[in-house]
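Right, one structure below, let's go through it.
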Amino acid sequence: MAGLNLTDERGYNQIFAPVGATPLRQRRRTDWMLAQIARTGAKRVLEIGSGTGENAALLASETAAEVVAVDISQAFIEIARHRHQSPNLRFELLDLLGDQVLEFGKFDMVCGNGILHHLVKQLPRVLGNLHRMTNPGGGLAFIEPNFLNPYCAFAFGTRLGRRMAKLEPDEMAFAPGELRHALADAGWKDISVRMQDFLVPGLPLPLVKPVLAVEPALEATPLTSWLAQSHFMTAKA
């Protein structure tokens, strides 16, 4: 598990390396975010936890929206700026727990992939700040790990799994009810939290087609959908 990730300056895993099913998994998540941008007609998009910038670059290249991608890692921001340049894309250092959350203005959509679970203890403040950063009627679109999924339960819920995954001390996957309540308490409306995606990071390529073949049925059936790997969350400011 540890070999599947890239670490930040502190030695914690933050980005899955592009092996096995991981590139396809990431592309599907980007496509979902693109669909949310199109659905809401967002003109300014904020991506938090942008890492080395691959997802933000795709959002900028496949929409006309201005994309501002932020991270707390200076090293990741520098890599992203070097790798990805576009007139409608910028990478900035930003701490969502700091006092300067409005320094880049307000946005029509805020989004991120696998970032809120790094901020569990500060989640009410983070969701509140994101609400402040979003224009009235603007959208939220996040993908977060589902603690009910066996892979996530092992990685987040056991000492061995946490050590292998090089998790941060406070990092934790979510149960669906936690997210719904936290979003509502922070002032978000029209909340949807759906459990989707059975492609785990680094899944060997020979297993990808079999998983994709059964995934639609698994996601559509209440008896199995709760086992999906991720929560796909949307809400409106």
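The values are calculated or read from the model by the stated rules, or taken from the named source; none is laboratory data. Here the structure is a predicted model, which is why all the values come from computation and not from measurement. We place every Cβ from the backbone using ideal geometry, glycine too, and count neighbours over all the protein chains shown.
Test Arg39 against the criterion of being modelled with pLDDT of 95 or more and of a type in the set (Lys, Arg), and give yes or no. Criteria met by Arg39.
The residue that is nearest to the chain's Cα centre (by Cα), counting only those in the stretch 79-88 that are assigned to a helix (DSSP H, G or I) and surrounded by fewer than 13 Cβ atoms within 10 Å (Cβ to Cβ), is Arg83. Restricting attention to the stretch 182-214 and to residues that are assigned to a helix (DSSP H, G or I) and among the small types (Gly, Ala, Ser), the residue that is surrounded by the fewest Cβ atoms within 10 Å (Cβ to Cβ) turns out to be Ala213. Tell me, please, whether a residue that is surrounded by fewer than 20 Cβ atoms within 10 Å (Cβ to Cβ), modelled with pLDDT of 95 or more and not in a strand (DSSP E or B) can be found in the stretch 105-117. Yes: the stretch 105-117 contains one or more residues that are surrounded by fewer than 20 Cβ atoms within 10 Å (Cβ to Cβ), modelled with pLDDT of 95 or more and not in a strand (DSSP E or B). Of all residues in the stretch 187-211, those that are closer than 21 Å to Ala155 by Cβ have Cβ atoms under 6 Å from Cβ atoms of residues that are among the hydroxyl-bearing types (Ser, Thr, Tyr) and not in a helix (DSSP H, G or I), 6 or more apart or on another chain, in Asp197/Ser230. The lone criterion from (1) outside any strand (DSSP E or B); (2) in contact with a Lys or Arg (Cβ under 8 Å, 6 or more places away or on another chain); (3) not aromatic (Phe, Trp, Tyr) left unmet by Gly51 is number (2).
Which one is surrounded by the fewest Cβ atoms within 10 Å (Cβ to Cβ), of the residues in the stretch 118-157 that are assigned to a helix (DSSP H, G or I) and of a type in the set (S, T, N, Q)? Checked the stretch 118-157; the qualifying residue surrounded by the fewest Cβ atoms within 10 Å (Cβ to Cβ) is Gln122. With respect to (1) surrounded by fewer than 17 Cβ atoms within 10 Å (Cβ to Cβ); (2) more than 26 Å from Ser230 (Cα to Cα); (3) not aromatic (Phe, Trp, Tyr), the lone exception for Leu97 is condition (2).
Taken together, Phe91, Phe76 contain a single residue that is surrounded by 15 or more Cβ atoms within 10 Å (Cβ to Cβ), assigned to a helix (DSSP H, G or I) and touching a residue at least 40 places away in the same chain (Cβ under 8 Å), which is Phe76.
With respect to Leu127, is the statement that it is over 23 Å from Arg27 (Cα atoms), modelled with pLDDT under 95 and in contact with a Gly (Cβ under 9 Å, 6 or more places away or on another chain) true? No, not satisfied. Here Gly51 meets each of (1) at pLDDT 95 or above; (2) in contact with a strand residue (DSSP E or B) (Cβ under 6 Å, 6 or more places away or on another chain) with one exception, condition (1). Would you confirm whether or not the stretch 168-181 contains a residue that is in contact (Cβ under 8 Å) with a residue 12 or more places away in the chain, touching a helix residue (DSSP H, G or I) at 6+ places or on another chain (Cβ under 6 Å) and surrounded by fewer than 13 Cβ atoms within 10 Å (Cβ to Cβ)? Among the residues of the stretch 168-181, at least one is in contact (Cβ under 8 Å) with a residue 12 or more places away in the chain, touching a helix residue (DSSP H, G or I) at 6+ places or on another chain (Cβ under 6 Å) and surrounded by fewer than 13 Cβ atoms within 10 Å (Cβ to Cβ), which makes the answer yes. Any residue at all in the stretch 61-70 that's touching a Gly at 6+ places or on another chain (Cβ under 9 Å) and either of a type in the set (Lys, Arg) or modelled with pLDDT under 95 (or both)? There is no residue in the stretch 61-70 that is touching a Gly at 6+ places or on another chain (Cβ under 9 Å) and either of a type in the set (Lys, Arg) or modelled with pLDDT under 95 (or both).
Among the residues making up the stretch 94-106, those that are hydrophobic (A, V, I, L, M, F, W, C) and within 17 Å of the chain's Cα centre (by Cα) are Leu94, Leu96. Considering Leu94, Leu102, the condition of being in contact with a helix residue (DSSP H, G or I) (Cβ under 9 Å, 6 or more places away or on another chain) and not basic (Lys, Arg) is satisfied by Leu102 alone.
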